[in-house]
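Engineer: Following this message is one structure expressed as structure tokens.
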Amino acid sequence: MKNEIKIFEQNNIRSVYDEENEKWYFSVVDLIAILTDSEKPANYWKVLKNRLKKEGSQLVTNCNQLKMKAADGKFYKTDALDVEGCLRLVQSVPSPKAEPVKLWLARVGYERMKEMSDPSTAIDRARETYQKLGRSEKWIQQRMMGQETRNKLTDYWKDHEITESEEFAILTNIIHQEWTGLSVKEHKNLKGLKSQNLRDHMSEAELIFTALAELSTRQAAESTQATGLQENKNAAKIGGNIAKHAKEEYEERTGGKVVSDSNFLPTKAKVKKIKNNISDNV
């Protein structure tokens, strides 16, 4: 199972790809939030779920409990549906966004098949998405290089007895806390983020130091062949600390601050334009 974040009209939808069965599963609550614009999508789903149960709907029966990352950075079991189930869910929720969501779900499935036959399409798609969101080429390059650094670190963890999603979150938070002085959740709060991906709202400098911290963590772990959670915790602290000292020197010499409250959240004036641009391609 591979956890990913999908984007629909500036909204994050948590998803899991089941490689064995070649199926995408999506967070029901995240879809409900988009379809209804509800401030309490979990409550909306609870009521709808009970109604569907009474009606004997197969939609509830087919719901899977999969671990997905929550706003606090931890992984919890979350109701999830495959593409077919999501399409049925859309039919059960009156919404003007029903058709765009259906098209988006179809595109996600198609793109996954393309990526399996040609992995480079995933990179091209990510770059295209960031371009549509107005990111600069320098920012996009740094974001993608940072993701590659991140992937190499998580690959190391997987090969050295870090298997639980919660352990990935713990180690990531240690690295982040060491170099920024903030937990991942605190950094998101500083930027005014909720379900959005923190790295997608980092400045170029924040991305660079995040990558340095994760690169240093991997190299520290490799130097001792760190295995298991405790040994990798030690490596995470070393890697984060290396980036912390580099950040402090950078700030001293430039007079600027690396960690900031800046974000890429669209202003109200830009929301409609961004939604239209993305909707044209879903």
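The values are calculated or read from the model by the stated rules, or taken from the named source; none is laboratory data. What you see is a predicted model, and the numbers here were worked out from it, not measured in a lab. Glycine also receives a Cβ, built like all others from the backbone with ideal geometry; neighbour counts cover every protein chain displayed.
Engineer: Just one of the numbered conditions (1) among the hydrophobic types (A, V, I, L, M, F, W, C); (2) surrounded by fewer than 13 Cβ atoms within 10 Å (Cβ to Cβ); (3) closer than 18 Å to ALA98 by Cα is not true of VAL47; which one?
Structural biologist: (3)
Engineer: Identify, from the list SER223, SER216, SER279, the residue that is at pLDDT 95 or above and surrounded by fewer than 17 Cβ atoms within 10 Å (Cβ to Cβ).
Structural biologist: After applying the criteria, what remains is SER223.
Engineer: Between residues in the stretch 66-91 that are in contact (Cβ under 8 Å) with a residue 12 or more places away in the chain and under 14 Å from SER15 (Cβ atoms) and residues that are surrounded by fewer than 18 Cβ atoms within 10 Å (Cβ to Cβ) and of a type in the set (Asp, Glu), which pairs lie under 9 Å by C-beta distance while being six or more apart or on different chains?
Structural biologist: Qualifying pairs under 9 Å: LEU66/ASP18; LYS67/GLU164; LYS67/GLU166; PHE75/GLU164; PHE75/GLU166; ASP82/ASP18.
Engineer: Here is a list: GLN131, GLN141. Which entry is surrounded by fewer than 20 Cβ atoms within 10 Å (Cβ to Cβ), over 24 Å from ILE242 (Cβ atoms) and free of Cβ contacts under 8 Å to residues at least 40 places away in the same chain?
Structural biologist: Sole residue among the options that is surrounded by fewer than 20 Cβ atoms within 10 Å (Cβ to Cβ), over 24 Å from ILE242 (Cβ atoms) and free of Cβ contacts under 8 Å to residues at least 40 places away in the same chain: GLN131.
Engineer: If we scan the stretch 255-262, do we find a residue that is assigned by TED's automatic domain parsing to the domain that holds GLN196, surrounded by 13 or more Cβ atoms within 10 Å (Cβ to Cβ), out of contact with any Pro (no Cβ under 7 Å at 6 or more places or on another chain) and within 19 Å of LYS152 (Cα to Cα)?
Structural biologist: No, the stretch 255-262 contains no residue that is assigned by TED's automatic domain parsing to the domain that holds GLN196, surrounded by 13 or more Cβ atoms within 10 Å (Cβ to Cβ), out of contact with any Pro (no Cβ under 7 Å at 6 or more places or on another chain) and within 19 Å of LYS152 (Cα to Cα).
Engineer: Within the stretch 52-69, work out how many residues are touching a strand residue (DSSP E or B) at 6+ places or on another chain (Cβ under 8 Å) and modelled with pLDDT of 80 or more.
Structural biologist: Total satisfying the criteria: 8.
Engineer: Right, here's the next one. Could you go through the stretch 165-178 and let me know if any residue there is over 20 Å from LYS247 (Cα atoms) and in a loop (DSSP other than H, G, I, E, B).
Structural biologist: So far as the stretch 165-178 goes, no, none of its residues is over 20 Å from LYS247 (Cα atoms) and in a loop (DSSP other than H, G, I, E, B).
Engineer: Can you tell me how many residues in the stretch 170-215 are touching a His at 6+ places or on another chain (Cβ under 9 Å) and of a type in the set (Val, Ile, Thr)?
Structural biologist: Residues in the stretch 170-215 being touching a His at 6+ places or on another chain (Cβ under 9 Å) and of a type in the set (Val, Ile, Thr): 3 in total.
Engineer: A further question follows. Among what's in the stretch 1-51 and is at pLDDT below 75 and not in a strand (DSSP E or B), pick the residue that is nearest to SER195 (Cα to Cα).
Structural biologist: GLN10
Engineer: Checking ALA243 against (1) at pLDDT below 95; (2) in a helix (DSSP H, G or I); (3) touching a helix residue (DSSP H, G or I) at 6+ places or on another chain (Cβ under 9 Å): exactly one of these is not met. Which one?
Structural biologist: Going through (1) at pLDDT below 95; (2) in a helix (DSSP H, G or I); (3) touching a helix residue (DSSP H, G or I) at 6+ places or on another chain (Cβ under 9 Å) one by one, ALA243 breaks only (1).
Engineer: Please go through the stretch 125-163 and give me each residue that is charged (D, E, K, R), more than 15 Å from ARG199 (Cα to Cα) and part of a helix (DSSP H, G or I), ordered by number.
Structural biologist: At the first step, the residues of the stretch 125-163 found to be charged (D, E, K, R) are 125, 127-128, 132, 135, 137-138, 143, 148, 150, 152, 155, 158-159, 161.
Those still in the list that are more than 15 Å from ARG199 (Cα to Cα) too: 125, 128, 132, 137, 152, 155, 158-159, 161.
Answer for the stretch 125-163, where residues must be charged (D, E, K, R), more than 15 Å from ARG199 (Cα to Cα) and part of a helix (DSSP H, G or I): ARG125, GLU128, LYS132, GLU137, LYS152, ASP155, LYS158, ASP159.
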